[in-house]
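Before any comments, here is the structure.
The values are calculated or read from the model by the stated rules, or taken from the named source; none is laboratory data. It should be emphasised that the depicted structure is a prediction, and the values quoted were computed from it without experimental measurement. As a convention, Cβ positions derive from the backbone with ideal geometry for all residues, glycine included, and neighbour counts pool all protein chains shown. Heads up: the accessible areas ignore ligands, DNA and RNA and are worked out on the full protein's heavy atoms, side chains in. Shrake-Rupley method; radii C 1.70, N 1.55, O 1.52, S 1.80 Å.
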Amino acid sequence: MSQRNYGIDLLRLVLMYMVCLLHTLGQGGLLQAAAPGSAGFALLWLLEVLAYCAVDGFAMISGFTASDRPQKYVKIVDMWFQVFFYSFVVLVIFTLLGVNRDTRPLVFIMGALPVLGRQFWYFSSYFALFFVQPLLNRWVFSLDEGGARRALIAAALLFSCLGVLTDPFKLMGGYSALWLMAIYCMGALARRARLFETRGTPFLLALWALSAAVTWAAQVFLGFGRLANYVSPTIVLNAAVMLRLFERVKAPAKLVAPLAPLAFGVYLFHSSQPVWNWMAGRFAPFASLGALPAAASALGIALAIFLCGLAAEFLRRKLAELIRLHSLSEAIVRLFSRALSRAAEALK
């Protein structure tokens, strides 16, 4: 059994902080409030561009660390309960506390159906990805190194580079299950193809900086926004480079191991409807402080959101352990397995 790479676990935490930064700048209103052409506008957009690869990075990690072992379906049930907690339980709690003012029945119905409600688009897309992973893995693990390289180039050209010109496959800027499947495959293919494996760290850092600089300059100076999205080839490249760089990091296991499993909960916490609505435009006034104070404020606010999310997910996991929620997930998987077996027999 291969030893766990805690550098990749550290990357999960770094990427989640970057997600918090993206949402601080976007949903928090800092980018919208910054005056175009100002130093603050340029600096805040630099932070945005540097953080943009976070979502691609998460999906790429899933592919990069994939194995050809049988799928554990209890994982997706555990995740469903995790998402349900933030989409419905947190909504109820904040409503009782008077923080949530939107008490329409439809809001609670959609909160109780996290996949259908798409409150957390990443989970809805990952839910679809999870059930096709065995098919994708069978294809990826059938390729040798040369075949993986050719497939990786083809996937990047079809699903990423074409997106600079148009959106032929309806990837919606990356907010889709199809894109998550594509970037998952790119992560798995990158490992099979040994992408950047022999490149030195200085080269990778320079490549990462150059890719980010091209994206930033196109956005800030040319007003060309097609590179500043999840399907952009420069953003995908940055995610791939970060994955290879952090794979080499000797991260402290005692610090990273207990925190890495909390990362996804940070996203769910601050993207839950009450917190998300509370964030809307709230940080816009910081944009008027000047370039450096605005950037520092964005970084600090993102850190506060990240730490609050870690604390919330830590408490949720303790509650899940207390009520033995994992045992319920296992029972649900057994029940569905029997039902599917009977349905399959009926089709004979």
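Okay, here's what the table says:
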| read-out | value |
| --- | --- |
| Amide H within-cut-off set for LEU143, under 5 Å, with H built and near neighbours excluded | none |
| Structure-derived semi-axes √(5λ) of the Cα gyration tensor in Å - corresponding label in (i) 44, 21, 16; (ii) 55, 24, 18; (iii) 31, 29, 19 | (iii) |
| Computed label-point distance, nm, for sites LEU116 and VAL214 using a 7 Å Cα→Cβ extension | 4.4 nm |
| Per residue value of the accessible surface for region 293-348 (all protein chains in place, 1.4 Å probe), Å² | 68 Å² |
| Residue-wise HN-Hα coupling along region 302-319, computed from phi with Karplus coefficients 6.51, -1.76, 1.60 (Hz; x: Gly, Pro) | 4, 5, 5, 4, 4, 5, 5, x, 4, 5, 5, 5, 4, 5, 4, 5, 5, 5 |
| Estimated [θ] at 222 nm from DSSP helical runs (n ≥ 4, -39500 (n - 2.57)) normalised by residues in the chain, nearest 500 | -22000 deg cm²/dmol |
| Highest to lowest packing among 274-280, 133-139, scored as the average C-beta count within 10 Å | 274-280, 133-139 |
| Fully extended contour minus Cα-Cα distance, from LEU222 to LYS348, at 0.36 nm per residue | 39.2 nm |
| With every protein chain in place, region 1-148: carbon and sulfur % of accessible area (1.4 Å) | 65 percent |
| Per-residue ³J(HN,Hα) for region 161-171, Karplus 6.51 cos²θ - 1.76 cosθ + 1.60, θ = phi - 60°, Hz, x for Gly and Pro | 5, 5, x, 5, 9, 7, 10, x, 9, 6, 7 |
| Extension gain, ARG69 back to GLU321 (0.36 nm per residue minus Cα-Cα distance, nm) | 88.1 nm |
| Protection-proxy order for peptides 40-49, 155-164, each taking the mean of Cβ atoms within 10 Å per residue, highest first | 40-49, 155-164 |
| Region 235-304 - Debye-derived log10 I(q)/I(0), Cα point model, q = 0.17, 0.19 Å⁻¹ | -0.98, -1.06 |
| Cβ-Cβ FRET estimate between ARG4 and ALA35, R0 fixed at 56 Å, reported to 0.05 | 0.75 |
| Sulfur and carbon atoms: percent of accessible area, region 260-328 [1.4 Å] | 73 percent |
| Pairwise label distance in nanometres, ALA154 with THR166, each label 7 Å out on the Cα-Cβ vector | 2.2 nm |
| Partner lysines for LYS75 [C-alpha distance under 25 Å; skip if fewer than 8 residues away on the same chain] | LYS254, LYS318 |
| Check: region 1-145 dipole with +1 on Lys, Arg Cβ and -1 on Asp, Glu Cβ, in debye | 420 debye |
| Overall form of region 288-330 per C-alpha gyration tensor (a/c, 1.5; a/b vs b/c) | prolate |
| Most fluctuating residue given options ALA287, ALA240, ALA304, as computed from a GNM of the chain linking Cα atoms under 10 Å | ALA304 |
| Cα shape, region 147-239, gyration tensor, a/c 1.5 rule | oblate |
| Surface per residue (accessible, 1.4 Å probe) for region 150-269, Å² | 47 Å² |
| Mean Cβ neighbour count within 10 Å, used as a protection proxy, ranking 55-64, 311-320, 330-339, 211-220 highest first | 55-64, 211-220, 311-320, 330-339 |
